[in-house]
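Working notes, structure below.
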Amino acid sequence: MKNINITKMSSKGQIVIPQDMRKDIKEGEKLVIIQSGDHIILKKLDKFDKQLEEDLEFARRTEEAWKRYENGKFKRMDFDDFLKEIEAW
């Protein structure tokens, strides 16, 4: 299941990763940040090399989805249907 949360940037450019999303990240562990348009993907460095192609494909698909959304090519659905579609992804 995908996890969605909201955070904000401080005046020093720092963001907080919500506690339930950082349970597998240790203090001092290096992270890779990938920016694709308006989207930012955070990936643990030790997993980055192994899944680079998959991560780049995810970034490409995300960017395409946002373009469809911005062009009004999306559909409305209730939360439960949304979760089912995400799980099938």
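The values are calculated or read from the model by the stated rules, or taken from the named source; none is laboratory data. This is a predicted model, so every value here is computed, not measured. Here Cβ is always computed from backbone atoms with ideal geometry, including for glycine, and neighbour counts include all displayed protein chains.
Regarding the range 49-57, can at least one residue be identified that is within 16 Å of ILE4 (Cβ to Cβ), under 15 Å from the mean Cα position of the chain (by Cα) and surrounded by 10 or more Cβ atoms within 10 Å (Cβ to Cβ)?
Narrowing the range 49-57 to residues within 16 Å of ILE4 (Cβ to Cβ): none.
Checked the range 49-57: no residue is within 16 Å of ILE4 (Cβ to Cβ), under 15 Å from the mean Cα position of the chain (by Cα) and surrounded by 10 or more Cβ atoms within 10 Å (Cβ to Cβ).
Limited to the range 17-40, what total is found for residues that are in a loop (DSSP other than H, G, I, E, B) and touching a strand residue (DSSP E or B) at 6+ places or on another chain (Cβ under 9 Å)?
5
Would it be correct to say that ALA65 is under 18 Å from GLN35 (Cα atoms), in contact (Cβ under 8 Å) with a residue 24 or more places away in the chain and under 16 Å from the mean Cα position of the chain (by Cα)?
Numbers: under 18 Å from GLN35 (Cα atoms): yes; in contact (Cβ under 8 Å) with a residue 24 or more places away in the chain: no; under 16 Å from the mean Cα position of the chain (by Cα): yes.
Spelling it out, it is not the case that ALA65 is under 18 Å from GLN35 (Cα atoms), in contact (Cβ under 8 Å) with a residue 24 or more places away in the chain and under 16 Å from the mean Cα position of the chain (by Cα).
Name every residue in the range 1-16 that is assigned to a loop (DSSP other than H, G, I, E, B) and at pLDDT 85 or above, in order of residue number.
So the first thing to find is which residues in the range 1-16 are assigned to a loop (DSSP other than H, G, I, E, B), and the list is 1-8, 10-14, 16.
ASN5, ILE6, THR7, LYS8, SER10, SER11, LYS12, GLY13, GLN14, VAL16, listed by residue number.
Need the failing condition index for ASP20 against (1) surrounded by 10 or more Cβ atoms within 10 Å (Cβ to Cβ); (2) without any contact (Cβ under 8 Å) to a residue 24 or more places away in the chain, just the number.
Against the list (1) surrounded by 10 or more Cβ atoms within 10 Å (Cβ to Cβ); (2) without any contact (Cβ under 8 Å) to a residue 24 or more places away in the chain, ASP20 comes up short only on (1).
Looking at (1) assigned to a helix (DSSP H, G or I); (2) surrounded by 12 or more Cβ atoms within 10 Å (Cβ to Cβ); (3) free of Cβ contacts under 8 Å to residues at least 40 places away in the same chain, which is the only condition ASP46 fails?
The one condition ASP46 does not meet is (2).
Would you check if there is a residue in the range 68-86 being of a type in the set (Lys, Arg), surrounded by 10 or more Cβ atoms within 10 Å (Cβ to Cβ) and either under 28 Å from LEU31 (Cβ atoms) or touching a Pro at 6+ places or on another chain (Cβ under 8 Å) (or both)?
No: zero hits.
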